[in-house]
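Here is the structure we will look at, set down as structure tokens.
The values are calculated or read from the model by the stated rules, or taken from the named source; none is laboratory data. In this text, all values refer to a predicted model and were calculated from it rather than measured experimentally. Here the Cβ is made from the backbone with ideal geometry for all residues, glycine too, and neighbour counts use every protein chain on show. Accessible surface areas use protein heavy atoms only, side chains included; no ligands, DNA or RNA. Shrake-Rupley method; radii C 1.70, N 1.55, O 1.52, S 1.80 Å.
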2 protein chains.
Amino acid sequence: MTESVPGPVQPTADAVAALRPLPLTATTVADDSLWGTWLRRNAARTLPHCVSQLHAAGAIDNLRRVTGEVDGEFQNMWFADSDVHKTLEAAAWQLALTPEDVELRAFLDTTAALLAKAQDVDGYLNSYYTVAKPEQRWQELHKSHELYCAGHLIQAAVAADRAGVGAEVVTVARRFADLIVDRFTEVDDVDGHPEIETALVELYRVTGHRPYLDLAKRFVDLRGHGLLNPEHFGAVYLQDHVPVRQADAVAGHAVRQLYLLAGVVDVAVETHDDELLAAARRLWDDAFGAKTYVTGAHGSRHRDEAFGDPYELPADRAYAETCAAIASFQWNWRMLLATGDVRHADEMERVLHNAIAGSTASDGQHFFYSNPLHLRTGHDGSHEDAPSQRLPWYTCACCPPNLARLMASLPGYAVTADDSGLQVQLYTAGEIETTVDGEPVRIAVRTEYPWDGRVELTVTTDAPLTLGLRIPGWCAAEDVRLDGEPVEPVDGYLRLRRDWKPGVAMTLDLPMPARVVRPHPRIDAVRGCVALTRGPLVYCVEQADLPDGVILEDVRVDPSAPVVVNRATGLPDVPVALTVTGTVQATDAPLYPAAPVEETTESLAFTAVPYFLWGNRKPGPMRVWIPAAATE
Amino acid sequence: MTESVPGPVQPTADAVAALRPLPLTATTVADDSLWGTWLRRNAARTLPHCVSQLHAAGAIDNLRRVTGEVDGEFQNMWFADSDVHKTLEAAAWQLALTPEDVELRAFLDTTAALLAKAQDVDGYLNSYYTVAKPEQRWQELHKSHELYCAGHLIQAAVAADRAGVGAEVVTVARRFADLIVDRFTEVDDVDGHPEIETALVELYRVTGHRPYLDLAKRFVDLRGHGLLNPEHFGAVYLQDHVPVRQADAVAGHAVRQLYLLAGVVDVAVETHDDELLAAARRLWDDAFGAKTYVTGAHGSRHRDEAFGDPYELPADRAYAETCAAIASFQWNWRMLLATGDVRHADEMERVLHNAIAGSTASDGQHFFYSNPLHLRTGHDGSHEDAPSQRLPWYTCACCPPNLARLMASLPGYAVTADDSGLQVQLYTAGEIETTVDGEPVRIAVRTEYPWDGRVELTVTTDAPLTLGLRIPGWCAAEDVRLDGEPVEPVDGYLRLRRDWKPGVAMTLDLPMPARVVRPHPRIDAVRGCVALTRGPLVYCVEQADLPDGVILEDVRVDPSAPVVVNRATGLPDVPVALTVTGTVQATDAPLYPAAPVEETTESLAFTAVPYFLWGNRKPGPMRVWIPAAATE
């Protein structure tokens, strides 16, 4: 049992853990930083919007149907309880950051009370099965999402406990968890949607109650033995086609796969299960070696919201679900803590600043469920999972509250600790305050990251600590400077052991030129194209920035010409744009000409903007991967 | 009312029709031609297999449940009656070709009697709604497929009538059609799956009963006004998002869109509706200008089995449903008859010899539902709609009986007539026997087409006829020779008016070099790739023909090197292969390198085989579009 401190994922002292998290309250993010705008927007706009939509969509009323306060039929998706639980988790983390938020506190208390009232005497809590299908309780786990919803309830309780903001939801979640332990410890059953695994391990970490961990391990090991009815979607979709320990490829529904892998790592580190951790590493290699978008997103197929075959990474039909991006962030966080491997921090940074950040509109109240890398000219946008612009809510509303809970816990991912000291993993302006060996440590960080790679740190402590500074994977290590001098990072970190006492100031320079990124030759979908990046940010071209009459698909980039970093963009909310040299190439060739295509070519200098900001000015075509002119 | 002659689509004498069909019995296909092998295989293998599977899958028993002969719950898909009807249609056409087929005749008679017995007193006939949901008759047309099934029943009846092989099924179909006229003439309702439209026009052609035509027109005009409940799939999928007359883009479920367009042309030509025909032309331009695969297939998305955005044509995730290919063939046949535009014959040839032909295994008893142009290394093949090899049957079994009915009517599409004479549209070895102005005409065709472009024709007649010979779109007209002399085709046809009396022999040479085809630059999915074709055939590379250890995705073609036509292939059932000069290029680059990728290159001469024959030797990766080596 660990001393509860606010923040997601707190391995026990006995766990396999190269690194330890700091409480999310240890990092105070500067208001005027990019993260600061995200945090404030999440608190002021997204979280209240989620609460409001839970009411509007009937998710709260479903629980009130259980208590008898509301009449009528169950509304919305059968797993809509999970939207309530995720919003509750978000509220808990947010209250750790801003305990004075009275309205949010009221939501948390009211909702916790409602959950307590809606809970069955035996601990069961699921409004859909209680209201609409009581006789089917636990009987259709391949599609019921009962343990999935329970998992999100438990995660909300863990957050409430660690944030110290609500004992009632903890009581409710434990009662339900105890029922689940009773029900599933002797029966070979798993849920069609993983989530319960990581939740049970986290509840074990909060409570020290070993049966939770044992059941999580049991659920992991029961998968892949065909226990689930494969009707409709099949065993791969349900993550039931191969035991995790034998799997060598991520497959099926991306969110299911990635949530499962988060639980796999949690189980592995708490049970010292090297085989399981090795499976997670193997699957990580597969996912990030051949099935990840340049934005960090996962899921190549709309069909089944699924991973594709190796190198099947279409830009236009990228499913790239927001929840899968969040799940990848969560999985990589667990992998980072377990292994200390810098690549996990790199992936967290990439997916956060591109796929995740891009899913929310500047107003904080419109969202993408799917995050394509190319919206074509002529896209009809008639489908909810492939709209032409962000929507305020979704029939399947998993993503918005998931964003809210991630953003509310964001400061918890910036810095880690180990026995030697601290590691700055994700850069943001702000202040870090913690203790090392009982000695207070304070690190002030001044930076315009991710718009500029200069990071000024001032460290004040009496602790003999080694400060690790992550050198991002996108950065050429030979160009990095510390106080103007070249550095020699080891395993992706610059490790500084100094005499900190007086408050030592230093300046880390991570050069951020515009970079022209290529796809691996096996990625057919973007062959002959380049992507433009700068620092951790992927850029894109929007129709909004092209001259009238230019079709986006006719734009080419000259990859041999310099890309200019433009800090006076004149575009609202776009601090840094790129100015690109290219052409517009048009043809009247037939669809499949039998000779090399002749094109008219006109030169064009065009603007690229950060991908995460696309679609905020006006809806329209967009693409990340831009065909290279034949000049290369 | 037209004199019934066997063959699909018989416009009335009053219809807008640039061309007229010949009866399918007018063309006798040579047994040893490619078409001959298809026809014999269809009769000997596919049709009996379909009959057997109708029993095995429970489709026949469903009808017997209606008659009380069988107990138990309805089996299979709710529209499984249509599989019976399509097989019945296939049997009718086949009996026109081979009337001595006793077993097939027995199937037709038995099934017609069963249908008659299963028909309700009021004429209604649908086993699912009668057995499982009697109270829902006509109440859930967005998903019921009742009129879709009725349409296939009517098409079977039309075939039986024209083939002169069964009056009973005609009686059944007319009774049902009369009920449908009664039910729908005053009510604003349409079916979620088009098919009834073309069927009713064809029934009008057979019977001369005008209400059938009027209702078909009514169904066409009622679409696009939001009459259908869009639950689950949406209005675009259901072809209910825009009136046909206003539509400018093919969209949604490809089979629904293409079946609808077949009916649209039928209605337009019989009612002299220029606006409707113009809409069909406009949608044809959209479909074939930006949404057609090089194999002639349609449907870019597994999600919704749907058309994609313009130029969204992924090779690996091509849905390219077999039924959509058949529907395109049927639509183009109607467009060809209406307009005489040679491009429709070109598209019929392309889709027949590639997408359609490739959907059936050499054994005639395994089928693809989806026909991708790239099966990746590492493809998991776990989904029924994206298997790694052809399957004997499908849960949704629409495609195999659809293939059977098309193949059984194939000779009907070879030749057309107009007032000036005859037009050879699709080349096959065989004999054409018909009359022109009452005079017998006999044309003997000797050719190895599509393996060779030499076509020897001997014409015997006293009729003063103009013989049109189609010069295929894949063929460079300047290279065509007739008896060794250059020709001057007009609008895609070489039109010969000669004194035929003595029996005139001539030799048409359509040169068939291997061709290197490029994609339009807006087709991102295959940028930098080429496809190899020869004559009407698209070729592909199979893993089966690569040296051990070579990954298909690492193979490159040198588009500047000659492609050798190889007639001594040594491969079973592959008369002509291509030998291609290329390379194997491998790299250990990361997924998204920030510098041009360095590859090791080894030269490789490899074999390409006709796409329609892929997957017949052993399962494995395959691709049509091959990346071009950078040497180009």
Exercise for the section: Would you be able to say whether some residue in the stretch A:591-600 is surrounded by fewer than 19 Cβ atoms within 10 Å (Cβ to Cβ), assigned to a strand (DSSP E or B), hydroxyl-bearing (Ser, Thr, Tyr) and more than 13 Å from chain B (Cβ to nearest Cβ)? Expected result: no
Problem - Conditions (1) assigned to a loop (DSSP other than H, G, I, E, B); (2) of a type in the set (Ser, Thr, Tyr); (3) surrounded by 14 or more Cβ atoms within 10 Å (Cβ to Cβ): number failed by B:Ser560 - result: (3)
Practice task
Could you tell me which residue of the stretch B:241-262 is nearest to the other protein chains (Cβ to nearest Cβ), considering only residues that are over 24 Å from B:Cys399 (Cβ atoms) and either assigned to a helix (DSSP H, G or I) or in contact with a helix residue (DSSP H, G or I) (Cβ under 9 Å, 6 or more places away or on another chain) (or both)?
Solution key: B:Ala249
Problem - Tally, over the stretch B:476-504, of residues that are modelled with pLDDT under 95, open to solvent by 10 Å² or more (accessible area, probe 1.4 Å) and not acidic (Asp, Glu) - result: 8
Completion exercise
Result of the Cβ filter at 9 Å on the stretch A:453-471, keeping first residues that are more than 21 Å from A:Gly438 (Cβ to Cβ) and partners that are assigned to a strand (DSSP E or B) and among the small types (Gly, Ala, Ser), at least 6 apart or interchain, is A:Glu456/A:Ala444; A:Glu456/A:Ala505; A:Leu457/A:Ala444; A:Leu457/A:Ala505; A:Thr458/A:Ala444; A:Thr458/A:Ala505
Exercise for the section: Go through (1) part of a loop (DSSP other than H, G, I, E, B); (2) under 17 Å from B:Leu406 (Cα atoms); (3) open to solvent by 30 Å² or more (accessible area, probe 1.4 Å) one by one and return the number of the condition B:Ala44 breaks. Expected result: (1)
Fill in the blank from the handout: Among (1) within 30 Å of B:Gly358 (Cβ to Cβ); (2) in the same structural domain as B:Phe367 (by TED's automatic domain parsing), B:Asp61 falls short only on (1)
Exercise for the section: Report yes if A:Val181 is hydrophobic (A, V, I, L, M, F, W, C) and open to solvent by less than 10 Å² (accessible area, probe 1.4 Å), otherwise no. Expected result: no
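Going through the stretch A:526-551 one residue at a time, which ones are farther than 21 Å from A:Pro572 by Cβ, in contact (Cβ under 8 Å) with a residue 40 or more places away in the chain and either in contact with a strand residue (DSSP E or B) (Cβ under 9 Å, 6 or more places away or on another chain) or in the same structural domain as A:Pro372 (by TED's automatic domain parsing) (or both)? Reasoning before the result, please.
The first filter runs over the stretch A:526-551 and keeps only residues farther than 21 Å from A:Pro572 by Cβ, leaving A:526-531, A:533, A:536, A:549-551.
Retained after the next criterion (residues that are in contact (Cβ under 8 Å) with a residue 40 or more places away in the chain): A:526, A:528-531, A:533, A:536, A:550-551.
Result: A:Val526, A:Gly528, A:Cys529, A:Val530, A:Ala531, A:Thr533, A:Val550, A:Ile551.
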Practice task
Working only within the stretch B:437-464, note down all residues that are over 30 Å from B:Thr533 (Cα atoms) and buried (at least 21 other Cβ atoms within 10 Å of the Cβ).
Solution key: B:Val441, B:Val459, B:Thr461
Problem - Identity of the residue in the stretch A:481-520, touching an Asp or Glu at 6+ places or on another chain (Cβ under 7 Å) and within 14 Å of chain B (Cβ to nearest Cβ), that ends up farthest from B:Pro519 (Cα to Cα) - result: A:Pro511
Handout entry: Index of the failed condition, B:Trp284 passing every other in (1) open to solvent by 10 Å² or more (accessible area, probe 1.4 Å); (2) in contact with a His (Cβ under 9 Å, 6 or more places away or on another chain); (3) more than 17 Å from B:His344 (Cα to Cα)
Key = (3)
Exercise for the section: Considering each residue of the stretch B:28-40, count those that are farther than 15 Å from B:Leu406 by Cβ and buried (at least 23 other Cβ atoms within 10 Å of the Cβ), and give that number. Expected result: 0
Exercise for the section: Confirm whether B:Leu115 is crowded, with 18+ Cβ neighbours inside 10 Å, among the hydrophobic types (A, V, I, L, M, F, W, C) and in a helix (DSSP H, G or I). Expected result: yes
Handout entry: Answer from B:Thr271, B:Thr295 - the residue that is under 30 Å from A:Asp309 (Cβ atoms) and β-branched (Val, Ile, Thr)
Key = B:Thr295
Handout entry: The one condition in (1) in contact with a helix residue (DSSP H, G or I) (Cβ under 7 Å, 6 or more places away or on another chain); (2) among the β-branched types (Val, Ile, Thr); (3) over 15 Å from B:Ile432 (Cα atoms); (4) open to solvent by 20 Å² or more (accessible area, probe 1.4 Å) that B:Thr25 fails to fulfil
Key = (3)
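More than 7 Å from chain A (Cβ to nearest Cβ), open to solvent by 30 Å² or more (accessible area, probe 1.4 Å), out of contact with any Pro (no Cβ under 6 Å at 6 or more places or on another chain) and small (Gly, Ala, Ser): is that true of B:Ala586 in this structure? Working first, answer last.
On the way: more than 7 Å from chain A (Cβ to nearest Cβ): yes; open to solvent by 30 Å² or more (accessible area, probe 1.4 Å): yes; out of contact with any Pro (no Cβ under 6 Å at 6 or more places or on another chain): yes; small (Gly, Ala, Ser): yes.
Against the criterion (more than 7 Å from chain A (Cβ to nearest Cβ), open to solvent by 30 Å² or more (accessible area, probe 1.4 Å), out of contact with any Pro (no Cβ under 6 Å at 6 or more places or on another chain) and small (Gly, Ala, Ser)), B:Ala586 qualifies.
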Handout entry: Count of the stretch B:296-337 residues which are over 13 Å from B:Gln257 (Cα atoms) and either at pLDDT below 95 or facing chain A (nearest Cβ under 10 Å) (or both)
Key = 14
Problem - Residue list for the stretch A:571-583, filter: open to solvent by 40 Å² or more (accessible area, probe 1.4 Å) and more than 30 Å from the chain's Cα centre (by Cα) - result: A:Thr581
Completion exercise
Expected output for the stretch A:371-396 (first residue facing another protein chain (nearest Cβ under 8 Å), partner open to solvent by less than 20 Å² (accessible area, probe 1.4 Å) and basic (Lys, Arg), Cβ below 6 Å, 6+ apart or cross-chain) is A:His374/A:Arg623
Practice task
Exactly one condition in (1) more than 30 Å from B:Pro536 (Cβ to Cβ); (2) in contact with a helix residue (DSSP H, G or I) (Cβ under 9 Å, 6 or more places away or on another chain); (3) within 12 Å of chain B (Cβ to nearest Cβ); (4) open to solvent by less than 20 Å² (accessible area, probe 1.4 Å) is not met by A:Pro621; state its number.
Solution key: (4)
Practice task
Give just the number: which of (1) open to solvent by less than 40 Å² (accessible area, probe 1.4 Å); (2) in a loop (DSSP other than H, G, I, E, B) does B:Glu202 not satisfy?
Solution key: (2)
Practice task
Given the conditions (1) open to solvent by 10 Å² or more (accessible area, probe 1.4 Å); (2) in contact with an Asp or Glu (Cβ under 6 Å, 6 or more places away or on another chain); (3) free of Cβ contacts under 8 Å to residues at least 60 places away in the same chain, report the number of the one that B:Leu228 does not fulfil.
Solution key: (3)
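On the given criteria, is A:Pro211 part of a loop (DSSP other than H, G, I, E, B), farther than 20 Å from A:Thr292 by Cβ and open to solvent by 10 Å² or more (accessible area, probe 1.4 Å)?
no
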Exercise for the section: Pick out the one residue from A:Glu73, A:Glu69 that is closer than 24 Å to A:Lys143 by Cβ, outside any helix (DSSP H, G or I), charged (D, E, K, R) and more than 21 Å from the chain's Cα centre (by Cα). Expected result: A:Glu73
Practice task
Answer with yes or no whether A:Thr428 is among the hydroxyl-bearing types (Ser, Thr, Tyr) and either within 30 Å of B:Tyr237 (Cα to Cα) or in contact with a Lys or Arg (Cβ under 9 Å, 6 or more places away or on another chain) (or both).
Solution key: no
